[in-house]
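The values are calculated or read from the model by the stated rules, or taken from the named source; none is laboratory data. Everything numeric here is computed off the predicted structure, so don't read it as measured data. Please note: Cβ atoms are built from the backbone with ideal geometry, for glycine as well, and neighbour counts cover all protein chains shown. Ligands, DNA and RNA are excluded from the accessible area calculation, which covers all protein heavy atoms including side chains. Shrake-Rupley method; radii C 1.70, N 1.55, O 1.52, S 1.80 Å.
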Amino acid sequence: MQKELSASAQKMQRILEERGFAHCTVVELPSSTRTAQEAAQSIGCGVEQIVKSLVFRRQDSDTPILVVASGSNRVNEQQLSALVGEPIEKAKASYVQKRTGFAIGGVAPVGHAEPLQTFIDRDLLRYDEIWAAAGTPFAVFRLTPQDLIAMTKGELITIEA
Ligand code: 5CA
């Protein structure tokens, strides 16, 4: 029997339920899920099956962008910049916290402080099940790539090496 979820994990579970994803269950693990590698180890899945939720900042308009990427992929910032037609940079930790409402290591793909333009790494479609962060560096939930597309309404992209 799992002990009661932390307030942040409970909030994430509620967000999932409100949006029609009640079949996604937030679980809190005894070991860290702060990085994709740690999450894969704690869950016992491949790092490729971890959904990294990475925040970038459009430098001219100061707006956040979310890229949900397979744990083993590195986001090509030049490619992303070309996609959005504006210089971008990796967001600072404080910016991530402010614009998503989540701290780094627990950024979920949904439930942000404001709607985020989202891009989805097509490589995630290779797996039947994937795992995403659920608001804290110890909480995750399992979902399918179809769930991810439906909940983020993101644009599929192929991440170039
Ligand atoms: N909980 C896991 C996935 S289940 C997780 O959140 N992984 S992650 O990859 O999406 O988040 C960690 C990422 O945060 C790192 O890949 C890195 O891009 C970013 N990050 C880590 N430290 C900093 C920092 N100080 N400033 C900005 N970004 C950071």
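Checking the stated criteria, residue 4 turns out not to satisfy the condition of being among the charged types (D, E, K, R), open to solvent by less than 50 Å² (accessible area, probe 1.4 Å) and not in a helix (DSSP H, G or I).
Annotation: of all residues in the stretch 120-135 being surrounded by fewer than 24 Cβ atoms within 10 Å (Cβ to Cβ) and either touching an Asp or Glu at 6+ places or on another chain (Cβ under 8 Å) or at pLDDT below 95 (or both), the one that is nearest to residue 96 (Cα to Cα) is 123. Consider the stretch 96-108 and keep the residues that are assigned to a helix (DSSP H, G or I) and open to solvent by 50 Å² or more (accessible area, probe 1.4 Å). The one that is nearest to the ligand (Cβ to nearest atom) is 97.
Among the residues making up the stretch 43-78, those that are more than 9 Å from the ligand (Cβ to nearest atom), part of a helix (DSSP H, G or I) and touching a Ser or Thr at 6+ places or on another chain (Cβ under 9 Å) are 47, 48, 49. Would the stretch 77-95 turn up any residue that is within 14 Å of the chain's Cα centre (by Cα) and either open to solvent by 40 Å² or more (accessible area, probe 1.4 Å) or farther than 30 Å from residue 31 by Cβ (or both)? Scanning the stretch 77-95, I find no residue that is within 14 Å of the chain's Cα centre (by Cα) and either open to solvent by 40 Å² or more (accessible area, probe 1.4 Å) or farther than 30 Å from residue 31 by Cβ (or both), so the answer is no.
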